[in-house]
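What follows is one structure encoded as structure tokens, with my remarks underneath.
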Amino acid sequence: VNVEVLDCRGQRCPLPIIAIARRMPELPVGTVLRVVCDDEAAALDIPAWCRMRGQEYLGTAQNPDLEGSGHAAGSYKPGITAKSYDIRKIG
Amino acid sequence: LSTATRITRATVIVVTAGSHHDTPNGGYLDAATAAPLHPVARQALLAALDEGWADPERLYTAARRARQLLDAATAATAQALSVREDEITFCASGTDAAHRAVAGALRAERTGAIVHSAIEHSAVLAAAAAHEAAGGAGSVVVGVDRHGRVDLDAFTTAVRGRAVGLAALISASHEVGTVQPVEAAARVCARVGVPLYVDAAASVGHRPVPEGWSILTASARKWGGPPGVGVLAVRTGTRFDPGEPAPGPVNIPAIVAAAASLRATVAESAAESARLGTLIATVRDAVASTIPDVEVVGDPQDRLPHIVTFSCLYVEGEALVAALDRHGFAVSSGSACANRTEQPSHVLAAMGALTHGNIRVSLHPGVGERDVERFLRVLPGVVAGLRAETGVAGL
């Protein structure tokens, strides 16, 4: 599965949601967008956005795996509170 | 500029903004936080300031006058809430009443846990947390559905659990308006001998008080009474230890005003609830049809008549509140950025609703049809303007 990483650390809602909405049209169907966030509201708003936009919310992980193809090596600094949220583009 | 000049100029601006509305408070759409003072409350407050300032515990004429006013206010409040006079305690606020309700019930139970819905008022959640911090048992939180209605099966299972000292269920959501199945929950609690505490602050004056509860609280400022009056009602026979300190010398003028406005609000509630319910239905429909990418939340039918909540995708709640304020409308927001705690609303979170771009509109008798029409004319442009500013229109 093609995993794209979207680093939204340091952004407060609704900025991560806006970033997701901007990125999604560029991705082929079936791609998993892994959104890395440290804003608490993202945990609520990402699943809500997926529901409103008909995309598939796959779940969240505490220690983000950032090995997706869209991630520039070396740019990620481990954050203690960051979580990742996976969205599969289904349409 | 001197302070006085600044204040004078600010006043002029406020007066100008207010003149667009049917009444001076027509643009004030945050009644679920605090309703403007009911005219009856104002009259009663002024009269009671002259007549009811003395300490009702003393034995002279002025004290007896104060006592009579307090007794009459207690009787009127008891009648409006369908309880006995000796079941009522006046408190410093709705929050104070909620804390006393939870602490009093759990103090009497000693080891008991509290079962409560995920959408209780923050005062109830804080009281439950305080109980746990003081060495008491923890909380069992029961979830809600997409409309914000408690899962009655899960509530039933939780109440039947071991060592439950208290169950708490809000009468209707103060944030999204959804009415809760209080009487069904009360039957479940009665069967297992667990007292049910109902925070009725959001619904008193808008809907009849439900039956079957053991402990109930309300807040005068929600029904058009003055701020600083909470009501705690404990049914006779409920295991309850009020603890120390007692609320102390009460604010009799404020209580008199609260009772007078409660009686008036309850008397007007059938007609007023129908009027506000229709206006809110208009808002729900118009918001859904005139604003793109909006989610109107809460039960569309089984709801409080005066509250509607919705979330606008890609917009900051704080920015919406500020922009509407510039148009002369006061609304509240459950979005994290709009709250002192910087946490998104736990009610919206429990419902799985969008938490950013959130607004709650709540009406009162001073809001007319034209005020709502003007709000609905202004709102789409405000949302579109904010979206254009951040370049998210059409995303």
Suppose the filter is of a type outside the set (Gly, Ala, Ser), within 14 Å of chain A (Cβ to nearest Cβ) and not in a loop (DSSP other than H, G, I, E, B); does B:Glu342 pass it? no
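Condition check: surrounded by fewer than 23 Cβ atoms within 10 Å (Cβ to Cβ), of a type outside the set (Val, Ile, Thr) and more than 11 Å from chain A (Cβ to nearest Cβ). Does B:Leu376 satisfy that?
So B:Leu376 passes the test.
Let's see how each residue does on (1) without any contact (Cβ under 8 Å) to a residue 24 or more places away in the chain; (2) under 28 Å from B:Glu175 (Cα atoms); (3) under 23 Å from the mean Cα position of the chain (by Cα):
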| site | (1), (2), (3) |
| --- | --- |
| B:Leu59 | yes, no, no |
| B:Leu69 | no, no, no |
| B:Thr74 | no, no, yes |
| B:His99 | no, yes, yes |
| B:Ala103 | no, yes, yes |
| B:Ala123 | no, yes, yes |
| B:Ala126 | no, yes, yes |
Give the range B:304-330 a look and list any residue that's surrounded by fewer than 24 Cβ atoms within 10 Å (Cβ to Cβ) and of a type in the set (D, E, K, R), or say none. B:Glu318, B:Asp325, B:Arg326
With respect to B:Val256, is the statement that it is out of contact with any Cys (no Cβ under 8 Å at 6 or more places or on another chain), buried (at least 24 other Cβ atoms within 10 Å of the Cβ) and farther than 26 Å from B:Asp145 by Cβ true? yes
When the range B:314-333 is examined, which residues are found to be within 14 Å of chain A (Cβ to nearest Cβ) and either assigned to a strand (DSSP E or B) or touching a residue at least 60 places away in the same chain (Cβ under 8 Å) (or both)? B:Tyr314, B:Val315, B:Glu316, B:Ala319, B:Leu320
Go through the residues of the range B:150-164 one by one and say whether even a single one is in a helix (DSSP H, G or I) and under 28 Å from B:Ala254 (Cβ atoms). no
Looking at this structure, is A:Thr81 in a strand (DSSP E or B) and at pLDDT below 95? no
Only one of B:Ala336, B:Ala384 that is at negative phi and within 14 Å of chain A (Cβ to nearest Cβ): B:Ala336
Can you name every residue in the range B:298-325 that is of a type in the set (Ser, Thr, Tyr) and at negative phi? B:Thr309, B:Ser311
Residues B:Glu268, B:Glu295, B:Glu244: which one is modelled with pLDDT of 95 or more, acidic (Asp, Glu) and farther than 19 Å from B:Ser333 by Cα? B:Glu268
For residues that are surrounded by 24 or more Cβ atoms within 10 Å (Cβ to Cβ) and not aliphatic (A, V, I, L, M), scanning just the range B:345-373, find the one that is farthest from the other protein chains (Cβ to nearest Cβ). B:His364
Of all residues in the range B:1-53, how many are outside any helix (DSSP H, G or I) and at pLDDT 50 or above? 21
Return the total of residues in the range A:16-52 being within 22 Å of B:Ala350 (Cα to Cα), facing another protein chain (nearest Cβ under 9 Å) and out of contact with any helix residue (DSSP H, G or I) (no Cβ under 6 Å at 6 or more places or on another chain). 7
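The values are calculated or read from the model by the stated rules, or taken from the named source; none is laboratory data. If you're wondering where the values come from, they're calculated on a predicted model, not measured in any experiment. Methodologically, a virtual Cβ is constructed for each residue, glycine included, from the backbone with ideal geometry; neighbour enumeration extends over all protein chains shown.
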